[in-house]
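Read the structure below first, then the notes.
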Amino acid sequence: MADKNSGSDRTEKWTVALTVVSLMAGGIVFAGVVDRWSGSDSGELTASSVGTTQSTEETQAEETQAEENSEYTYVTPTVVYPTSIPGCTSVESPGDGLSSISYWSTGAQTYDDPRFPWFSAPKATVMSEAVQRSLPAVAEIEFASPERSLNFGPLHVPSESSELPEGFSLEEMADTTASATLVRDGKAGALDIRVTSHTGPVPPCIAGSLVERRTLADGSVVDAQDTWSETNGVRTLSRSALLYGADKTFIQASATDAVYAGSPGVEISGMVPLTVEDLIALVSLPQLRITAPVPPGTAPIQPGCQGSTLDPSGRKLDRGTVDELGRALQSGWRAAPPGMPVLEPALGRLVLAESDTTTACQDLVARSGGNESDLTISITSGQPLPKAPNKYDPSYDGHPKSVVTAEDGAVIVRDERHYSVMPMGNGESTREATSEQSRSVTLTQPNGTRVSVRSSAASPNMPMTYEQLEFLATIDGLEIR
């Protein structure tokens, strides 16, 4: 992709194919590509598929064919070569351009994998707090679920049966990520951070792949990029910083002016929320290094929750509403009758549900004597009043167990289920299925507010009783107006 016309506005075009990323509860299924410059060992991971560069004549022919086939085009700036890049002693030609390696892998998500002792739930807390504190005051994290609030999630580890991309080790593919929508001057953009390890050397400077290279005091190298791309004529601005740590840490921070807006796609604001300097500062944080110690007593990061709303048709919740609901839970729990279990963490730390801005929820553990069960509370709005099933209908399968209408018009639904659970993840062939039982109480008010409380436990433990669950569901103040 060499071009000596340094002042030219000409761009290289190529068609690209869609890739699919699919997340599943309990594990991750990822279809994507690993993009590398030919002859480079950069190891930069991306979740978009990019084709190889071609001559102008071939490109024009394929562009015309793409339009005829309703495929889309992908455009990036022309690469100028020969050139110089600040911080690089030499700059190599991009050669034959980008190569793509497609891969499909399954694996587990966990905070505590003994094969990767550098990461843990307390380590995620330290990393998340460091990143959140280091953001410039002008860039605010948009209120969202923990997964979209710059909290580092579980380690994504490909299963032992997955075939890794050529040239990549399991250590390099096992990563943790954090993401958020940032608002700057009233305009939104996205920030994504990835942390893993790397075993290879620092790649050479390749024309077009970076705008600056910095060497830190400890010998770590940071590559910065400031560029754009166009898909079907829609331009997206992006900046990134990649750290190749002297301690074998690899950190990638990427910011764009594109924010996912649900169907049909993304919204382009025209403003990248962070500067190149901001991104370099992020990847240079010592707390993100895989060798950085975790202060004793650091609490594990608070996990997010899925909620239980099948049809999220309520209003979008703001921080004030979620906090108000949390305070109502805390107040009601203080009046709990004797015999209630001990809840951890403290009840009332509600967050937005993952992928559902209309639901507030919290996952807890309930302990009573030697018994332990999981507890999930979710609150949403815009829900219809349930109707009692006809138990004489042949299609009735025994669920729910009961549907009762209270004097105020609220409908209370009780249900109980028994099932087996097969753990997903690495080494799954050595794990046995466990027998579990769940109980749930769902309260739907006439105004559409729905409070769902569900307890589950693996045998020989038992879930919380209906009476305990109903006490939580009927706490005063759990209403979305």
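The values are calculated or read from the model by the stated rules, or taken from the named source; none is laboratory data. Note that the structure is a prediction, hence the values are computed from the model and not measured. Note that we place each Cβ from the backbone using ideal geometry, even for glycine, and neighbour counts take in every protein chain shown.
Which members of the stretch 409-430 meet the condition of being exposed (fewer than 12 other Cβ atoms within 10 Å of the Cβ), of a type outside the set (A, V, I, L, M) and either modelled with pLDDT under 95 or outside the structural domain of ILE379 (by TED's automatic domain parsing) (or both)? Don't jump to the end; show me each part of the working.
The initial filter retains those residues of the stretch 409-430 that are exposed (fewer than 12 other Cβ atoms within 10 Å of the Cβ), namely 409, 418-420, 422, 427, 429-430.
Pick out the ones that are also of a type outside the set (A, V, I, L, M) and you get 409, 418-420, 427, 429-430.
Listed by number, the residues that qualify are HIS418, TYR419, SER420, GLY427, SER429, THR430.
Residues that are at pLDDT below 95: find the strands (runs of 3 or more DSSP E) completely inside the stretch 39-158 holding 1 or more of those.
Values: elements: 73-76, 98-110, 139-141, 155-158.
Ranges flagged: 73-76, 98-110, 155-158.
Of the residues that make up the stretch 155-170, is at least one touching an Asp or Glu at 6+ places or on another chain (Cβ under 8 Å) and of a type in the set (D, E, K, R)?
no
Out of all the residues in the stretch 335-367, which are in contact with a helix residue (DSSP H, G or I) (Cβ under 7 Å, 6 or more places away or on another chain), in contact (Cβ under 8 Å) with a residue 24 or more places away in the chain and among the small types (Gly, Ala, Ser)?
ALA336, ALA360, listed by residue number.
What number of residues in the stretch 439-465 are of a type in the set (Ser, Thr, Tyr) and surrounded by fewer than 19 Cβ atoms within 10 Å (Cβ to Cβ)? Explain how you work it out, then say what you get.
Taking the stretch 439-465 as the starting set, the residues that turn out to be of a type in the set (Ser, Thr, Tyr) are 440, 442, 444, 449, 452, 455-456, 459, 465.
Now restrict to residues that are surrounded by fewer than 19 Cβ atoms within 10 Å (Cβ to Cβ): 459, 465.
Final tally of qualifying residues: 2.
Quick one: which strands (runs of 3 or more DSSP E) lie wholly within the stretch 228-345 and hold at least 3 residues that are outside the structural domain of LEU375 (by TED's automatic domain parsing) and within 23 Å of ALA124 (Cα to Cα)? Step through it out loud before you land on a result.
Details: elements: 234-244, 249-256, 258-260, 266-268, 342-344.
Those strands (runs of 3 or more DSSP E) span 234-244, 249-256.
Among what's in the stretch 448-462 and is without any contact (Cβ under 8 Å) to a residue 60 or more places away in the chain and over 29 Å from the mean Cα position of the chain (by Cα), pick the residue that is farthest from SER313 (Cα to Cα).
Top of the filtered list is PRO460.
Which condition does ALA281 not pass, out of (1) modelled with pLDDT of 95 or more; (2) among the small types (Gly, Ala, Ser); (3) under 26 Å from GLN383 (Cα atoms), if it passes all the others?
Among (1) modelled with pLDDT of 95 or more; (2) among the small types (Gly, Ala, Ser); (3) under 26 Å from GLN383 (Cα atoms), ALA281 violates only (3).
To keep it simple, each residue is scored yes or no on (1) crowded, with 21+ Cβ neighbours inside 10 Å; (2) assigned to a strand (DSSP E or B); (3) assigned by TED's automatic domain parsing to the domain that holds THR125.
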{"residue": "ALA180", "(1), (2), (3)": "yes, yes, yes"}
{"residue": "VAL183", "(1), (2), (3)": "no, yes, yes"}
{"residue": "LEU191", "(1), (2), (3)": "yes, yes, yes"}
{"residue": "VAL195", "(1), (2), (3)": "yes, yes, yes"}
{"residue": "GLY208", "(1), (2), (3)": "yes, no, yes"}
{"residue": "ARG214", "(1), (2), (3)": "no, yes, yes"}
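Could you tell me whether any residue of the stretch 129-138 is closer than 29 Å to THR357 by Cβ, crowded, with 19+ Cβ neighbours inside 10 Å and of a type outside the set (A, V, I, L, M, F, W, C)? First the steps, then the outcome.
Going residue by residue through the stretch 129-138, those that are closer than 29 Å to THR357 by Cβ are 129-138.
Remaining after also requiring crowded, with 19+ Cβ neighbours inside 10 Å: 131, 135.
Of the ones still in play, those that are also of a type outside the set (A, V, I, L, M, F, W, C) are none.
There is no residue in the stretch 129-138 that is closer than 29 Å to THR357 by Cβ, crowded, with 19+ Cβ neighbours inside 10 Å and of a type outside the set (A, V, I, L, M, F, W, C).
Mind listing just one residue for me: the one in the stretch 185-214 that is under 21 Å from the mean Cα position of the chain (by Cα) and among the charged types (D, E, K, R) and, of those, farthest from ILE251 (Cα to Cα)?
We begin by selecting, within the stretch 185-214, every residue under 21 Å from the mean Cα position of the chain (by Cα); these are 188-197.
Now narrow it down to the ones that are among the charged types (D, E, K, R): 192, 194.
Details: ASP192: 11, ARG194: 6 Å.
Per the stated criteria, the residue is ASP192.
In this structure, is LEU364 within 36 Å of the chain's Cα centre (by Cα) and closer than 19 Å to PRO303 by Cα? It would help to see each step written out before you state the result.
Numbers: within 36 Å of the chain's Cα centre (by Cα): yes; closer than 19 Å to PRO303 by Cα: yes.
The answer is yes for LEU364.
So is ARG349 under 22 Å from the mean Cα position of the chain (by Cα), at pLDDT 95 or above and not assigned by TED's automatic domain parsing to the domain that holds ALA180 or not? Before the answer, list the steps.
Details: under 22 Å from the mean Cα position of the chain (by Cα): yes; at pLDDT 95 or above: yes; not assigned by TED's automatic domain parsing to the domain that holds ALA180: yes.
Yes: the conditions hold for ARG349.
Just checking, does the stretch 379-401 include any residue being under 35 Å from the mean Cα position of the chain (by Cα) and not in a loop (DSSP other than H, G, I, E, B)? Give the derivation first.
From the stretch 379-401, those under 35 Å from the mean Cα position of the chain (by Cα) are 379-386, 399-400; that's our starting set.
Restricting the remaining residues to those that are not in a loop (DSSP other than H, G, I, E, B) gives 379-380.
Checked the stretch 379-401: at least one residue is under 35 Å from the mean Cα position of the chain (by Cα) and not in a loop (DSSP other than H, G, I, E, B).
Give the number of residues within the stretch 350-372 that are of a type outside the set (Ser, Thr, Tyr), outside any strand (DSSP E or B) and surrounded by 15 or more Cβ atoms within 10 Å (Cβ to Cβ).
Initial filter on the stretch 350-372 (of a type outside the set (Ser, Thr, Tyr)): 350-354, 356, 360-367, 369-372.
Restricting the remaining residues to those that are outside any strand (DSSP E or B) gives 350, 354, 369-370.
If we keep only those that are surrounded by 15 or more Cβ atoms within 10 Å (Cβ to Cβ) as well, we get 350, 354.
Final tally of qualifying residues: 2.
For the stretch 297-307, indicate whether the set of residues that are surrounded by 13 or more Cβ atoms within 10 Å (Cβ to Cβ) and at pLDDT 95 or above is non-empty. Step through it out loud before you land on a result.
Initially, the stretch 297-307 is screened for residues surrounded by 13 or more Cβ atoms within 10 Å (Cβ to Cβ), giving 298, 300-307.
So of that shortlist, the ones also at pLDDT 95 or above come out as 298.
Yes: the stretch 297-307 contains one or more residues that are surrounded by 13 or more Cβ atoms within 10 Å (Cβ to Cβ) and at pLDDT 95 or above.
I'd like to verify a number: residues in the stretch 197-206 that are under 28 Å from ARG148 (Cα atoms) and assigned to a loop (DSSP other than H, G, I, E, B), how many? Before the answer, list the steps.
The initial filter retains those residues of the stretch 197-206 that are under 28 Å from ARG148 (Cα atoms), namely 197-198.
Filter again for assigned to a loop (DSSP other than H, G, I, E, B), leaving 198.
Adding up the residues that qualify gives 1.
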